[in-house]
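Structure first, then comments.
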Amino acid sequence: MRALVKAKAEPGIWMERVPVPEIGPNDVLIKVRKSAICGTDVHIYTWDEWAQKTVPVPLVTGHEFVGEVVDVGQAVSEYRVGQRVSGEGHIVCGHCRNCRAGRGHLCRNTLGVGVNRPGSFAEYLSLPQHNVVAIPDDVPDEIAAIFDPLGNAVHTALSFDLVGEDVLVTGAGPIGIMGALVAQAVGARKVVITDINPVRLALARKLGVHHVVDASAEKLADVMDEEHMKEGFDVGLEMSGSAIAFRDMIEVMNNGGKIAILGIAPTAFEIDWNKVIFKMLTLKGIYGREMFETWYKMIALVQGPLDVSGLITHRIGIDDYRDGFEAMRDGSAGKVVMDW
Ligand code: NAD
Ligand code: ZN
């Protein structure tokens, strides 16, 4: 089969021929229809320090996908050939304390599809049945193809009660914008999103986020005045990985505020911990999706009030993958969905 392979320990990803993955008794073989590019894939493409430490070479990359079941192992009873599916890209061990307590997203032995084991930029993907998620007929392929990042946004946004709350989202990348739209869909009072990239700010405005702020030009204190917010934000969703954005967020949180942190900073950074203490803030780190509550709620949201289709800015054929990676790299894309 054809697949996008991280074939060499140097910048780039290459289209190669590789064997179709074999399936074990508990696995499902999926023919991939569409696969989207994640920021993680861009790190693997550029071969930064994190990728060099993490990714074994050669490896088939990619983990955001939708496809169709074409074969199932002997022990698989829940899925059948022809079914349309996506799936959870974090493979958990099943025997650590958290897994056995039903908290798979906290597994300390998590392996990533397309990061530690073969991924979805391929004609076929093998996935344990536990990780497969059936897609209802009324959810379009291209939306199911971005369930992985949408799940990150839903997990982060639904970490705290948002009904009637004032929410600050730092970073209007695809996941930040999704998080803001989720907050609006579930009944937040005010939703403010910040970024410093004009393309991202324009995309957030186009998708209808209530208040879009250029953090390089406006102060959040002034935004609070404009919004008649006297006390501060109740909930923060950190989606930028920027130390500056995180410090700004802490500054404008109300006492007792809650912050869910998804953004990954390139290097360690300092914050004023006394502000966290005297404001009595709650901080929660988020990695991936909750298995499988996030999937359940995300599917309900896209079947209901949440429309994220406007985030897909590039729909391309797999042979144009280099253009897709380039658009991701220069910040001009929302989501790039590739057709197999
Ligand atoms: P992205 O890089 O496309 O978006 C980040 C945005 O933050 C960019 O638009 C950037 O311009 C903006 N930004 C940079 N500095 C800023 C500042 N000072 N103030 C406001 N905005 C600023 O990333 P994404 O795909 O939307 O993902 C969001 C973040 O979540 C990234 O840091 C990513 O690495 C991380 N991530 C984490 C997980 C996880 O499981 N924890 C999973 C996926 C992605
Ligand atoms: Zn585990």
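For the reader, a short list of remarks on this structure follows.
- Among residues of the stretch 195-210 that are on the phi < 0 side of the Ramachandran plot, those with a Cβ under 8 angstrom from a residue that is surrounded by 17 or more Cβ atoms within 10 Å (Cβ to Cβ) and of a type in the set (Ser, Thr, Tyr), sequence gap 6+ or separate chain, pair up as 195/240.
- Listed by first and then second residue, the pairs with beta-carbon distance under 8 Å, at least 6 apart or on different chains, first residue in the stretch 90-102 and touching a residue at least 12 places away in the same chain (Cβ under 8 Å) and at negative phi, second near ligand 2 (Cβ under 10 Å from one of its atoms) and among the polar types (S, T, N, Q), are 90/110; 91/110; 92/109; 92/110; 93/109; 93/110; 96/109.
- Test: residue 153 is surrounded by fewer than 21 Cβ atoms within 10 Å (Cβ to Cβ) and out of contact with any strand residue (DSSP E or B) (no Cβ under 6 Å at 6 or more places or on another chain): no
- Summed over the stretch 25-53, the residues that are exposed (fewer than 13 other Cβ atoms within 10 Å of the Cβ) and in a loop (DSSP other than H, G, I, E, B) give a count of 1.
- When every residue of the stretch 61-69 is checked against the conditions, at least one turns out to be more than 16 Å from residue 114 (Cβ to Cβ), in the same structural domain as residue 124 (by TED's automatic domain parsing) and out of contact with any Cys (no Cβ under 9 Å at 6 or more places or on another chain).
- Screening the stretch 217-330 for strands (runs of 3 or more DSSP E) wholly inside it with 1 or more residues that are exposed (fewer than 13 other Cβ atoms within 10 Å of the Cβ) returns the ranges 253-261, 282-285, 312-317.
- Hits in the stretch 198-215 - residues which are touching a strand residue (DSSP E or B) at 6+ places or on another chain (Cβ under 9 Å) and assigned to a loop (DSSP other than H, G, I, E, B): 209, 210, 215
The values are calculated or read from the model by the stated rules, or taken from the named source; none is laboratory data. Predicted, not measured: the structure shown is a model, and the values here were computed from it. As a convention, Cβ positions derive from the backbone with ideal geometry for all residues, glycine included, and neighbour counts pool all protein chains shown.
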